[in-house]
Amino acid sequence: MEKEINQLTKYISVKIPGILDFLIGVVLALVVFFVGTKVIKWIRKIVKKSMEKANVDKGVVQFVDSLLKFVLYAILLFSILQKFGLDTTSVAAALASCGVAIGLALQGSLSNFAGGVLILVLKPFVVGDYIVEDNKGREGTVKEIQLFYTKLLTVDNKTVIIPNGSLANTSLTNVTAQDKRRLDLTVGISYDADLKKAKQLIEELLRKDEDVLQSEGIDVFVDQLGESAVVIGARGWVKKDAYWTTKWRLLEHIKITLDEHGIEIPYNQVVVHTK
């Protein structure tokens, strides 16, 4: 018994310095981690404010902030592990191998991630733009640009989620990229109607409308001679936010005004002559 007690005492006396060193190391690691998190928050705050002052797009600011956070925390953790004597080279090699395997398994997701980066950097559209994807005809107002998906809100309040890889690798139309849009209207009148009078009435409506930009010019013309009607075209410019309301309002006013002046908007018809 005395011999066993002596061995235990000797074992404890040998191990105590190592245990104390380990505990001190843990405390120091916690202190370094706590201080490091404060420094990381400070760096992120400075970078974020600098980009905001430079009027960088909000989506880019969020992406850079999240990426910076990941990189800085990775550096902090590797530094702490290195202080504990861990072979960081082996850990990095293992992580690289895992990254290759995960990358092969998630090629589609990585493609969407790369597409999100391209969208945020090249800015083919930003939040608030109305876009039309030319590949499948999906369209709507951009509500959110995430790293993997972009969310669109349609005119009937549906949410459309499109992978960024698809948007980055197909053509699309940014309807509201400019501050103003050209308003194109067409209306058919009867061949028996007074063409000049109809053109005059339509032009007056465009010139009186408060949302039509008078400085950009207004055109009213014969667009085509259809089978059942003479198609009159009208063009003007409006601010992008007023496009739809102006179009709907003018079409209604044109119909009412033509009716008041006895100018017929005919149905499709076929005239048959018999002998």
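For the stretch 243-254, state whether one or more residues are within 14 Å of K199 (Cα to Cα), without any contact (Cβ under 8 Å) to a residue 60 or more places away in the chain and either of a type in the set (V, I, T) or surrounded by 12 or more Cβ atoms within 10 Å (Cβ to Cβ) (or both). Checked against the condition, which is being within 14 Å of K199 (Cα to Cα), without any contact (Cβ under 8 Å) to a residue 60 or more places away in the chain and either of a type in the set (V, I, T) or surrounded by 12 or more Cβ atoms within 10 Å (Cβ to Cβ) (or both), the stretch 243-254 yields at least one hit.
Within the stretch 255-275, the set of residues being exposed (fewer than 12 other Cβ atoms within 10 Å of the Cβ) and polar (S, T, N, Q) comprises N268, Q269, T274. Based on this model, can you work out whether G59 counts as more than 30 Å from E144 (Cα to Cα), open to solvent by less than 80 Å² (accessible area, probe 1.4 Å), small (G, A, S) and modelled with pLDDT under 75? It is false that G59 is more than 30 Å from E144 (Cα to Cα), open to solvent by less than 80 Å² (accessible area, probe 1.4 Å), small (G, A, S) and modelled with pLDDT under 75.
Out of the residues in the stretch 144-187 that are in contact with a Gly (Cβ under 6 Å, 6 or more places away or on another chain) and closer than 30 Å to I254 by Cα, state the one that is surrounded by the most Cβ atoms within 10 Å (Cβ to Cβ). Residue satisfying both the conditions and the ranking: L183. For beta carbons closer than 9 Å, sequence separation of 6+ or different chains, a first residue in the stretch 193-205 that is surrounded by 15 or more Cβ atoms within 10 Å (Cβ to Cβ) and a second that is hydroxyl-bearing (S, T, Y), the qualifying pairs are L201/T257; I202/T257; L205/T257.
Residues that are out of contact with any Ser or Thr (no Cβ under 7 Å at 6 or more places or on another chain) and basic (K, R) were ranked within the stretch 206-242; the one that is least open to solvent (accessible area, probe 1.4 Å) is R235. Any idea which residue in the stretch 174-192 is modelled with the highest pLDDT, counting only those that are among the hydroxyl-bearing types (S, T, Y) and out of contact with any Phe, Trp or Tyr (no Cβ under 6 Å at 6 or more places or on another chain)? Filtering first and then ranking leaves T186. Does V121 count as within 20 Å of the chain's Cα centre (by Cα), modelled with pLDDT of 75 or more and open to solvent by 70 Å² or more (accessible area, probe 1.4 Å)? Against the criterion (within 20 Å of the chain's Cα centre (by Cα), modelled with pLDDT of 75 or more and open to solvent by 70 Å² or more (accessible area, probe 1.4 Å)), V121 qualifies.
The values are calculated or read from the model by the stated rules, or taken from the named source; none is laboratory data. Just so it is clear, the model here is predicted, and its values are computed rather than measured. Using ideal geometry, Cβ is built from the backbone for each residue, glycine included, and neighbour counts are taken over all protein chains shown. For the accessible areas, the whole protein counts, side chains as well, though only heavy atoms, and no ligand, DNA or RNA atoms are used. Shrake-Rupley method; radii C 1.70, N 1.55, O 1.52, S 1.80 Å.
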